[in-house]
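Take a look at the structure set out below.
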Amino acid sequence: MIEWVVYYDDGSSFTSEDGPPEYAPRYGVQAVACRHEGVGRLIWDSRDYYCWDGGTWVPRDREAGLVDYLSLPGREKVVLFGRAIPYGRYLEVYNRAVDDRRLPFKTGRDPREREPPT
């Protein structure tokens, strides 16, 4: 069962079934969708960094968020880097994250998620 999917600027994706977090490509991340009991899936998008922390992906903005993550105890750190792309391409990737049938249907928005783009 797929637990999470990382979506990239080139249209590719990497899932929990493709390998562990440390094998995910590091650059060009546009969104990360994670299975979630309450809303079907959480979608983290438009972030500077996506960090593997406590068995799930956690979005972090700005260098302060990255430094905070890296300063936490633990040997293994996995950081994926977001990338700015033209808005039309970003919308295509975001909509793939919403419609991806590999994860449960999205039934609502968790308050930690950003408002969906328009």
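Every read-out reported here was derived from the displayed coordinates using simple, explicitly stated rules and does not represent laboratory data. Since the model is a prediction, treat every value here as computed from it, not as a measurement. When we count neighbours, we look across all protein chains shown, and the Cβ atoms used for this are built from the backbone with ideal geometry, even at glycine.
Between residue 70 and residue 15, the modelled label-to-label distance comes to 3.3 nm, taking each label 7 Å out from Cα in the direction of the beta carbon.
The angle between the Cα long axis of helix 62-71 and the main principal axis of the chain comes to about 50°, on a 0 to 90 degree scale.
For the chain, what does the helix formula give at 222 nm: sum of -39500 (n - 2.57) over DSSP H segments with n ≥ 4, over the residue count, nearest 500 deg cm²/dmol?
Values: 2 runs with 23 residues, N = 118.
Mean residue ellipticity at 222 nm (helix-derived): -6000 deg cm²/dmol.
Among the GluC sites (Glu not before Pro) in the range 4-41, those placed in a DSSP loop whose Cβ has at most 14 other Cβ atoms within 10 Å are 17, 37. Loop-located chymotrypsin sites (Phe, Trp or Tyr not before Pro) in the range 69-118 (DSSP state not H, G, I, E or B) with no more than 13 neighbouring Cβ atoms inside 10 Å: 105. For the range 9-18, the Karplus equation 6.51 cos²θ - 1.76 cosθ + 1.60, evaluated at θ = phi - 60°, returns couplings of 5, 8, x, 7, 9, 9, 10, 4, 7, 6 Hz by residue, with Gly and Pro reported as x.
Using the crude model of +1 on Lys and Arg Cβ and -1 on Asp and Glu Cβ, and no other charge, please compute the dipole size for the chain relative to its Cα centre, in debye to 20.
Numbers: 17 positive and 20 negative charges, 24 e Å.
Dipole magnitude for the chain comes out near 120 debye.
Kindly express, to the nearest 10 degrees and within the range 0 to 90, the angle between helix 87-99's C-alpha long axis and the longest C-alpha principal axis of the chain. The angle comes out at about 80 degrees. Principal axis analysis of the Cα atoms in the chain yields extents of 35, 32, 28 Å, listed in decreasing size.
The HN-Hα couplings worked out from phi for the range 107-118 by the Karplus form 6.51 cos²θ - 1.76 cosθ + 1.60 (θ = phi - 60°) are 9, x, 10, 6, x, 7, 7, 6, 4, x, x, 10 Hz, whole numbers, x standing for Gly and Pro.
Label positions at residue 3 and residue 63, each projected 7 Å from the Cα along the C-beta direction, are separated by 3.3 nm.
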